[in-house]
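Remarks on the structure that follows.
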Amino acid sequence: MVELLKVHGSENKFFILDQTKLEQQLSDEQLSNLGQKICDPDNNILNGADGVLVVNDAKDASSIGQMRVINADGSEAKMCGNGLRTVSRYLSEKFNKDNFKVETLEADLDVQKSQDLANNVPAFSVEISPISFKAKNLPFVYKNMEEMIDEKIPEFLPDQTFTAIAVPNPHLISFVDKIDEKDLGQLGKYLNSPNEYFPEGVNVSFAEIRGKNQLFVQTYERGVGFTNACGTGMSATTLAFALLYPDQFEQDKDIEVYNPGGMVKTHIILGKTKEESQIHLIGNATFTDKIEISEDDLHALNFKNTTIASTHEEKSYEKFVDSLK
């Protein structure tokens, strides 16, 4: 039997599949099909998810495991900050380590176990890297701009400014007095359909500044749509906040980032250049359910004969979220 985990970071929900435990690993096509099948809530597999986190053996000896991110539409993301926290917890428990590196498609990233956010709410701190503002790395095309930093782009929304950052997932960020979900949804759908500005799509985040080192962020995620939270989105947004609003940013303190799924913290250290800055994302790594399925059924995408057991961690997380209100 194969064990899958249903997990979340800030209610950004995933299934974890450890391919190292399979007799025959899934091909890229099979992983894409798995993501589309298991994440679709209409298929009634624990109400679906935002993606599948695939654990493989690391290619680089400095890391104890590799994480791949398969979105709900079957596409693959370069990174996922919320997902990395849950994979870090999985690898921490698998290898009995608290500090280590995890290999992603773009970089080997430092992770470490953090102090629990509350009783039975485990937390991990993960490095978000590399950082780029260059148009070619997002990529975007707009009036020969090499960077897009606090720019008015009337073709997007006439009364807002936008900043584009890759971490390494591409993000478009706008600070607003109040988030308009209709505007966010329309812009997110537009820029993740065929368009002349972001040919590969982009994650779109709107952010409200609620005080010194305190933000609320909502994201329309490429390959997913609206999510309860986007780890790399919150990370990129806090870096933009530190650069654009120095009067509201205190570098020696963590930034509290509230989102529809709860709250995380980031720690930003500004570098000599924007790209040399450091981002660490700190938040929950919650395991909600364990799913047992035969390997044959997994390969056949047959989820009719699964055994599902709750971990009961979700109640503790919900209690933590209630304490934030």
- prompt: Using θ = phi - 60° and the Karplus form 6.51 cos²θ - 1.76 cosθ + 1.60, what ³J(HN,Hα) does each residue of the stretch 272-284 get, whole Hz, x for Gly and Pro?
  reply: 4, 10, 4, 5, 8, 5, 10, 10, 10, 9, 10, x, 5
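Rounded to a whole number of µm²/s, how large is the Stokes-Einstein D of the stretch 100-156 at 10 °C and 1.306 mPa s, given Rh as the Kirkwood radius over C-alpha pairs?
Diffusion coefficient, whole number: 108 µm²/s.
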- prompt: Taking amide hydrogens as modeled 1.01 Å from N in the peptide plane, which residues meet the under 5 Å criterion relative to residue 65, leaving out close sequence neighbours?
  reply: 58, 103
statement: Cα extents of the stretch 144-202 per principal axis, largest first, Å, are 27, 23, 21
message: Could you work out the percent of alpha carbon pairs in the stretch 135-276 separated by over 26 Å, rounded to a whole number?
response: 17
message: If Rh is defined by the Kirkwood formula over all Cα pairs and Rg also comes from Cα, what ratio Rg/Rh do you get for the chain?
response: 0.95
Counted charge near residue 274, where neighbours are those whose Cβ lies closer than 14 Å (Asp, Glu -1; Lys, Arg +1): -3
field: Whole-angstrom gap from the stretch 39-85 to the stretch 199-242, using each part's C-alpha centre
entry: 19
query: Out of residues 5 or more away from residue 50 or on other chains, whose amide H comes under 5 Å of its own, with H placed 1.01 Å from N in the peptide plane?
result: 13, 14
message: Based on the alpha carbons, how large is the Rg to Rh ratio for the stretch 270-316 when Rh follows Kirkwood?
response: 1.36
- prompt: If the viscosity is 1.306 mPa s and the temperature 10 °C, what Stokes-Einstein diffusion coefficient in µm²/s follows for the stretch 56-194 when Rh is the Kirkwood radius over Cα pairs?
  reply: 92
- request: Quick one: net charge around residue 299, please, counting Lys, Arg +1 and Asp, Glu -1 for every other residue with C-beta under 13 Å from its C-beta.
  value: -4
Extension reserve of the residue 59-residue 160 stretch, reckoned as 0.36 nm per residue once the Cα distance is removed: 32.1 nm
message: Using alpha carbons only, how many angstrom separate the centre of the stretch 10-37 from the centre of the stretch 137-180?
response: 32
field: Rg over Rh [alpha-carbon atoms, Kirkwood Rh] for the stretch 200-317
entry: 1.12
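Any of 37/78; 136/178; 21/290; 113/319; 182/274; 6/319 with alpha carbons more than 24 Å apart? Name them for me. Walk me through the numbers on the way to the answer.
Details: 37/78 21 Å; 136/178 31 Å; 21/290 15 Å; 113/319 21 Å; 182/274 31 Å; 6/319 19 Å.
Checking Cα-Cα distances, 136/178; 182/274 exceed 24 Å.
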- prompt: From a point 7 Å beyond the Cα of residue 134 in the direction of its Cβ, which residues of the stretch 266-286 have a backbone N at a distance under 12 Å?
  reply: 275
field: Calculated log₁₀ intensity ratio I(q)/I(0) where the Debye formula runs over C-alpha points of the stretch 241-307, q = 0.22, 0.26 Å⁻¹
entry: -0.97, -1.15
query: Most fluctuating residue of 67, 148, 234 in a GNM of the chain with Cα springs under 10 Å: which is it?
result: 148
- request: Sticking with the crude label model, points 7 Å out along Cα→Cβ, report the distance from residue 149 to residue 33 in nm, one decimal please.
  value: 4.7
message: Just to be sure I understand: with springs between alpha-carbon atoms less than 10 Å apart, which residue in 110, 50, 177 has the highest mean-square fluctuation in the Gaussian network model of the chain?
response: 177
- request: For the stretch 38-90, report the translational diffusion coefficient in µm²/s to the nearest whole number, using Stokes-Einstein at 25 °C, 0.890 mPa s, and a Kirkwood Rh over Cα pairs.
  value: 205
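Taken together, the values in this text are just the output of simple stated rules run on the coordinates, not laboratory data. Everything numeric in this text was worked out from a predicted model, so none of it was measured. Methodologically, a virtual Cβ is constructed for each residue, glycine included, from the backbone with ideal geometry; neighbour enumeration extends over all protein chains shown.
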